[in-house]
Every structure is written in C-alpha cells, then in structure tokens.
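Asker: What follows is a structure written as structure tokens; I'll ask about it next.
Here, each number is a calculation from the coordinates, and none is a lab measurement. Values in this document were obtained by computation on a predicted structure and should not be read as measured data.
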C-alpha cells in the first residue's frame, strides 16, 4: 500500500483537541458521563482520520487499560455512537470520529481507496434531496448514511488501486 503525505495545512493535534473538548462539553450538557475508557477510545479513534476496527482499538487500549476486553471496547463504541461522537463506517466495519457532533446531521463519508482516510462531509442539500426521493418512494428510513469510495485529492496522482473483482 502506498502512503500519502499528510496535508501540511492540517493541524491534527488541534483537530483531536477540538474533538475531545466538544465531546466533553456535549456529554456534560446532556448529563452523560464520558468515562476515562470512553475518552480513551474516542481519542484512539481520532488519532488519525482513518477508520479503526474494534479489535484494533482493543489492541491500542490494552497498554492503557490492561483489563480491557472486547466488551469494554464495544460498550464504549455504542456510547460514542449513541452520543453522535463517532460514526460506524459500514463498508469497512470500522469507526471514525464525527466532525459535526455538535449538530444534528446525517452521514456522507468519502473513503479513499489508497490511504484509507475517511472524510465526513456536512452536506444538508444532498441529504435533503435524498430525503425527498425517499419520501416520494414511501420508504420508511431507520438510518441513513452514504459512503462513497474513491480517491482523495492527496492520492489522486497515484495509480488506481487494484480491483478486487467487485463492480461498483
């Protein structure tokens, strides 16, 4: 797999700090606890903009919480999803931090096939148009997320990834 250079304009430490501060404020305002383990799992998810699988999180959490078990991670993930602090990336069976956790929204995730980074887009016009079509169809929605796989701007100069035989 080819590595891409991070965007030099992106201050990732600030990005993480803002995400954690927002999470603490939202949990406080909602009267729910962002326990140390939940906080650590959230921080591990925000360590990059790549989606992280639950067992990868467990491996990263073990040095910090020696007694951590899969159920520890899954409970923290359930809480973080419920609070809108992270998103589950269904196509990757993984999790990514939510950039818009302070406002009600639906998911539009852009997933790079090269570097595996996931970018969340706040796209109310797109989601509104989609809702309109869904309503016309008389369809009842339980959850709505759009995951688009492609190539990010940092990787666009790289050769296309090898196909795994699936068509899109």
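Asker: Jot down the radius of gyration and Dmax of region 77-168, Cα atoms only, both in angstrom.
Answerer: In order Rg, Dmax, the Cα atoms of region 77-168 give 14.9, 43 Å.
Asker: For q = 0.12, 0.17, 0.20 Å⁻¹, what log10 I(q)/I(0) does the chain give under the Debye formula with an equal point scatterer on each alpha carbon and no solvent?
Answerer: Evaluating at q = 0.12, 0.17, 0.20 Å⁻¹ gives log10 I(q)/I(0) of -0.62, -1.16, -1.40.
Asker: So how much slack lies between residue 129 and residue 17, counting 0.36 nm per residue of separation and subtracting their Cα-Cα distance, in nm?
Answerer: Value of the extension gain: 37.0 nm.
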